[in-house]
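Asker: Dropping a structure here in structure tokens format, bear with me for questions.
Read-outs: derived from the displayed coordinates by stated rules, not from any lab. All values reported here derive from a predicted model rather than from experimental measurement.
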Amino acid sequence: MLAQVGAKYGYDQVGRARLTNDALIAMSAARNGFTVLTKNASDFKKIAEFRPFQWEEA
């Protein structure tokens, strides 16, 4: 999934470390049935394109 996001948006735009952390948060939330509440909607929106999960912008 990280490779897909990186290929579509470029790691320069997203930032590899930040994207990795956000992906871990997103997938952990999805696996446990939680909703991610974030002020960082742009990264989570990109992740959700490839691996759907529940998230809301704070």
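Asker: Per-residue ellipticity at 222 nm for the chain, helices alone: DSSP H runs ≥ 4 residues times -39500 (n - 2.57), over residue total, nearest 500 deg cm²/dmol? Walk me through the numbers on the way to the answer.
Answerer: Numbers: 4 runs with 39 residues, N = 58.
Value at 222 nm, helices only, nearest 500: -19500 deg cm²/dmol.
Asker: Once the convex hull of the alpha carbons of the chain is built, what does its volume come to per residue, in cubic angstrom? Show your work: numbers first, answer last.
Answerer: Details: hull volume 3.7 nm³, N = 58.
Value for the chain: 63 Å³ per residue.
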